[in-house]
Amino acid sequence: MTILGSPTLARAEWEPLATAHAAEADALTAGHRARKGRGERHAIEDFLFEYYATRPAHLRRWHPGPGVVLEDAPEHAAWRFYRTSAGRTDVDVAAFLEARGPALDQIERLLRATAARPARLGCFGLHEWAMAYRAGADIRHPLPLRLGQAGTDAVVESHPIACSHFDAFRFFTPDARPLNALQPTRETQVALEQPGCLHATMDLYKWAVKLAPAVPSSLQLEAFALALEVRRVDMQASPYDVSAYGLEAIAVETPQGKREYADRQRDFAARGADLRARIVAAIVSLRELAEA
């Protein structure tokens, strides 16, 4: 096997990039790692590791992306979907496509369909309220309800609920599900997902993780940082009292809170659109490499 026609980085060139990437990842995950060592849980930030089932060790791995050859890279040679010949290592595009082809197609369809729709900004984060509606002792997060159970239920009952994201909707309480204007399923995800949804933006991190090492790790780290920011706002707008984490509530039950949430949602949608486009471009580039 030979590796021809690809940019090549000597270890002296790529190792500083890998070291800087690991340091940036460590900074973003420092709180999670410290809490885990103490046996503590963070109801907001730990979500990104628990729900998306990823570990800080995976996030700190540096992947240059397909088409880049690394010299003297035994670390990468030991990872899945890399190949090595004569001391030169790169992403094995054919092996990745063989193993992940159907998933790659599905991710691309979802991302393209989402990007093609206008952002809807009228949900006001009420999905978290619907997850707590009439929950009683089965409350989802170990945090007090800011308005109490009765106040939380009243907000849900006095607002239209219009969640388009299946992986949020599936956590609605049984009493809340019939109140939603949509009844999303896994099968309708491509047809319903829209770029204004905070969870659709957080999911960009999930897709970047699933595509590793076929996308540069810099893209994965950007997606994680954005997801962390979105998650904080997601919980600030929730019915839970997040003051113990030094965060102020976004009171979406009020006109001012609705405006603030929509402004943040609009910003996240724009930033997510850029990441979504770059992930799709990486998928296209991967297929072009396979055909070259």
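The values are calculated or read from the model by the stated rules, or taken from the named source; none is laboratory data. A quick note: this is a predicted structure, and the numbers were derived from the prediction, not measured. Virtual Cβ from ideal backbone geometry, glycine too; neighbours counted across all protein chains shown. Heavy atoms of the whole protein, side chains included, go into the accessibility calculation; ligands, DNA and RNA do not. Shrake-Rupley method; radii C 1.70, N 1.55, O 1.52, S 1.80 Å.
Listed values, structure above:
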| quantity | calculated |
| --- | --- |
| Condition check for HIS21: in contact (Cβ under 8 Å) with a residue 60 or more places away in the chain, part of a helix (DSSP H, G or I) and surrounded by fewer than 16 Cβ atoms within 10 Å (Cβ to Cβ) | no |
| Segment 41-53, residues that are in contact (Cβ under 8 Å) with a residue 40 or more places away in the chain and open to solvent by less than 60 Å² (accessible area, probe 1.4 Å) | HIS42, ALA43, ILE44, GLU45, PHE47, LEU48, TYR52 |
| Sole exception among (1) open to solvent by 10 Å² or more (accessible area, probe 1.4 Å); (2) under 18 Å from PHE49 (Cα atoms); (3) small (Gly, Ala, Ser); (4) not in a loop (DSSP other than H, G, I, E, B) for ALA208, by number | (1) |
| Residue, modelled with the lowest pLDDT, within segment 86-112, restricted to residues that are more than 24 Å from the chain's Cα centre (by Cα) and open to solvent by 50 Å² or more (accessible area, probe 1.4 Å) | ALA86 |
| Filtered residue count, segment 185-202, keeping only those that are of a type outside the set (Gly, Ala, Ser), assigned to a helix (DSSP H, G or I) and under 16 Å from GLY125 (Cβ atoms) | 4 |
| Positions within segment 244-283 being within 21 Å of the chain's Cα centre (by Cα) and without any contact (Cβ under 8 Å) to a residue 12 or more places away in the chain, in sequence order | ASP263, ASP267, ALA270, ASP274, ALA281 |
| Some residue of segment 54-76 being in a loop (DSSP other than H, G, I, E, B), open to solvent by less than 70 Å² (accessible area, probe 1.4 Å) and farther than 16 Å from TRP14 by Cβ | yes |
| Residue among ALA273, ALA244 that alone is modelled with pLDDT of 95 or more and either in contact with a Gly (Cβ under 6 Å, 6 or more places away or on another chain) or part of a helix (DSSP H, G or I) (or both) | ALA273 |
| Residues (more than 17 Å from MET235 (Cα to Cα), without any contact (Cβ under 8 Å) to a residue 40 or more places away in the chain and buried (at least 18 other Cβ atoms within 10 Å of the Cβ)) located in segment 162-181 | PHE166 |
